[in-house]
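Here the structure is laid out as structure tokens; the discussion comes afterwards.
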Amino acid sequence: MSTTRRKTSSVHSARSSGASEPGVSVPSSKSRIECGVDFERDGRQVSWLKVPHSTHRSGHGSICIPIAVFRNGRGPTIFFMAGNHGDEYEGQVALLKLIRALDPATISGRVIVLPAANFPAAMAGQRTSPIDQGNLNRMFPGNPDGTATDMIAHFIGAVLMPLANLFVDLHSGGSSMEFTPYAMARLSTANTRKKEAVAALLAFDAPMSLIQGDAAENRFASSIAEQLGVVALAGEFGGGGKVSVAALAIVERGIRNLMAHLGIIEKAVPRPPGRGPSRVMKAKERTYASDTGLFEPYASLGESVVKGTEAGAIHFVDNPLRPPAVETHGGSGMVMSVRTAGLCERGDALFWVAEDYAVPAELK
Ligand code: CA
């Protein structure tokens with residue numbers, strides 16, 4: 001593409017006036033990925049990020065990752081991403097529908113849509129990339145000179161994230177887990193935008209709004225947002241390697257509500273009839289498998305459980321007379337995640353619970 005140089009310079013100019021905080025070191029935006037859209041041009045553009053990928057089949061080939069940009073004048077930028085894990089589908093479906101439906105004449109500001117961030121993983125229906133086994137959401141800040149997944153992570157963090165005022169990373173439980181659908185804000189110690197994150201979380205208005213504290217990981221896409229001072233939301237919508245109709249409806253409404261929250265579109269989407277206010281909850285303990293076998297859960301999503309009570313059994317298929325290993329809940333609360341894959345190995349997460357949470361006055 002002949003306009004790469006101009007586009008690169010427009011990324012730099014956007015960054016200098018963008019949302020990042022002073023004093024934050026932004027990784028160099030120098031990338032081998034060719035970007036087919038101009039973030040400063042008005043209208044709708046749907047194109048590809050071309051990740052150089054030289055193989056036996058195609059010596060000078062590329063991985064072409066779909067990207068869309070909608071812009072109408074100056075205004076805030078929202079950056080929607082799905083397919084960070086390839087087998088998490090509700091966000092991918094919602095963003096594909098958004099790309100086809102959104103009329104740029106009806107927005108003020110900019111909407112960046114990356115519906116299948118780890119594209120090789122999304123095409124394979126896998127959490128990780130079949131090319132380099134890359135788990136994108138464990139690879140930030142990435143590496144512009146690394147593997148395909150390294151390059152994708154780097155481009156997202158160094159080029160796309162600094163353009164955003166609000167970053168939204170749409171997940172689900174993938175092939176091995178299922179979640180009660182929720183939007184999530186991480187109010188970690190380093191998050192300088194907690195109040196804005198809570199406001200965005202409540203504006204999304206999922207039936208459940210989850211608060212999480214400090215992450216054990218700093219290689220998430222949201223870790224980069226946090227470093228740059230970009231307000232970040234995520235969410236887990238369904239799982240089990242399928243498309244949940246109910247969770248998809250929650251995502252589709254939520255992404256419109258976030259655009260309305262920033263003033264990019266005029267109107268939020270009304271709550272479905274009969275649905276009450278969002279239930280704000282805080283994530284608590286997980287329960288892990290202590291052995292390897294066939295997992296029989298004793299509790300379902302949404303059920304209340306008590307720490308220390310029986311959570312499930314792990315059966316040993318190869319030895320019928322061997323008694324199953326009985327697991328106990330690691331925490332009390334509502335089951336918000338359960339392992340759906342039948343087979344488990346020692347160390348696999350089986351349950352995750354949350355409890356009701358009152359947002360502190362200083363964050364309202
Ligand atoms: Ca995920």
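So which of Lys97/Lys242; Lys242/Lys364; Lys194/Lys284; Lys97/Lys282 end up more than 28 Å apart, counting from Cα to Cα? Beyond 28 Å: Lys242/Lys364; Lys97/Lys282. Annotation: peptides 60-66, 75-81, ranked by per-residue average of other Cβ atoms within 10 Å with the highest first, follow the order 75-81, 60-66. Among the trypsin sites (Lys or Arg not before Pro) in segment 200-297, those placed in a DSSP loop whose Cβ has at most 13 other Cβ atoms within 10 Å are Lys267, Arg275. Taking 15 Å as the straight-line reach from the Cα of Lys267, the aspartates and glutamates in range (excluding those fewer than 8 positions away in the same chain) are Asp103, Asp205, Glu252. Helical content alone sets the calculated 222 nm signal of the chain at -6000 deg cm²/dmol, taking -39,500 (n - 2.57) per DSSP H segment of four or more residues and averaging over every residue.
Using only Cα atoms, tell me the angle between helix 90-101 and the longest principal axis of the chain; keep it within 0 to 90° and round to the nearest 10. The two axes meet at around 30 degrees. Each residue in His171, His154, His315 was given a count of other beta-carbon atoms within 10 angstrom of its own, and listing them fewest first yields His315, His171, His154. Dividing the radius of gyration of the alpha carbons in the chain by their Kirkwood radius gives 0.99 for Rg/Rh. Pairs of C-alpha atoms in segment 249-364 farther apart than 19 Å represent 60 percent of all such pairs.
Only lysines eight or more places from Lys30 in sequence, or on another chain, were considered; those with a Cα closer than 19 Å are Lys7, Lys50. Averaging Cα coordinates gives a centre for segment 68-95 and one for segment 189-209; these two points are 18 Å apart. If only the Cβ of Lys and Arg carry +1 and only the Cβ of Asp and Glu carry -1, the dipole of segment 285-355 around its Cα centre is close to 40 debye. For the chain, the longest principal axis of the alpha carbon atoms and the long axis of helix 4-16 meet at an angle near 70°.
For helix 194-204, report the angle its Cα long axis makes with the longest principal axis of the Cα atoms of the chain; keep it between 0 and 90° and round to the nearest 10°. So the helix axis and the longest Cα principal axis differ by about 80 degrees.
Put a dot 7 Å past the Cα of Tyr298, heading toward its Cβ, do the same for Val269, and the two dots end up 3.9 nm apart. Listed from fewest to most Cβ neighbours within 10 Å, the set Val37, Val326 follows the order Val326, Val37.
What does the charge dipole of the chain about its Cα centre add up to, to the nearest 20 debye, if the Cβ of each Lys and Arg holds +1 and the Cβ of each Asp and Glu holds -1?
So the dipole magnitude of the chain works out to roughly 1280 debye.
Counting every other Cβ atom within 10 Å of each residue's Cβ, Thr128, Thr309 order from fewest to most as Thr309, Thr128.
Where a number appears in this text, it was derived from the coordinates with a stated rule and is not lab data. From a predicted model like this one, the values you see are computed outputs, not experimental measurements. Note that we place each Cβ from the backbone using ideal geometry, even for glycine, and neighbour counts take in every protein chain shown.
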